[in-house]
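J.: Structure provided below as structure tokens; questions to follow.
Derivation of every value follows stated rules applied to the coordinates shown; laboratory data play no part. For clarity, every value in this text was computed on a predicted model and none was experimentally measured. Ideal geometry is used to build each Cβ from the backbone, glycine not excepted, and the neighbour counts take in all protein chains shown.
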Amino acid sequence: MGREPKSVVKVFNKGKDNEKKMKVELFPWEKLDYVAAIKKAFGIK
């Protein structure tokens, strides 16, 4: 559909004492892994 969802590691305050690495998910709204569950919940075939 749109952009490919993916997980990446982002670094904040790189090189400083309070450097923080976080794994973030980009474009999670593009995921299609809940289509079947949503269709079932609403009774859509």
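J.: Which of the residue pairs Lys10/Lys39; Lys10/Lys40; Lys6/Lys40 have a Cα-Cα distance greater than 30 Å in the structure shown? Please report the intermediate quantities before stating the final value.
T.: Numbers: Lys10/Lys39 34 Å; Lys10/Lys40 36 Å; Lys6/Lys40 26 Å.
Too far apart for the 30 Å limit: Lys10/Lys39; Lys10/Lys40.
J.: While we're here: Could you give the size of the charge dipole of the chain about its Cα centre, using +1 on the Cβ of each K and R and -1 on the Cβ of each D and E, expressed in debye and rounded to the nearest 20? Each step should come with its number before you reach the end.
T.: Working: 12 positive and 6 negative charges, 11 e Å.
Magnitude of the dipole: close to 60 debye.
J.: Continuing with this model, one more query. For the chain, treating each Cα as an identical point scatterer without solvent, what Debye log10 I(q)/I(0) comes out at q = 0.13, 0.14, 0.29 1/Å?
T.: Once normalised to I(0) and log-transformed, intensities are -0.49, -0.54, -0.96.
J.: Across segment 16-31, in residue order, what do the Karplus-derived ³J(HN,Hα) couplings come to in whole Hz, using 6.51 cos²θ - 1.76 cosθ + 1.60 with θ = phi - 60° and x for Gly and Pro?
T.: 9, 4, 9, 4, 9, 9, 9, 8, 10, 9, 9, 6, x, 5, 8, 5
J.: Divide by every residue of the chain the summed helix terms, -39500 (n - 2.57) for each DSSP H run of at least 4, and state the resulting mean residue ellipticity at 222 nm, rounded to the nearest 500 deg cm²/dmol. Write down the numbers at each step before the final one.
T.: Details: 1 runs with 8 residues, N = 45.
It lands at -5000 deg cm²/dmol.
J.: Check each of the GluC sites (Glu not before Pro) in the chain and keep only those in coil by DSSP with at most 14 other C-beta atoms within 10 angstrom; list them in order. Walk me through the intermediate numbers first.
T.: On the way: sites: Glu19, Glu25, Glu30; in loops: Glu19.
Here the GluC sites (Glu not before Pro) that fit, given the DSSP loop and packing criteria, are Glu19.
J.: Can you pull out the chymotrypsin sites (Phe, Trp or Tyr not before Pro) in the chain that DSSP calls coil and that have at most 15 other Cβ atoms within 10 Å? Let's see the in-between values first.
T.: Values: sites: Phe12, Trp29, Tyr34, Phe42; in loops: Tyr34.
Here the sparse-neighbourhood loop sites are Tyr34.
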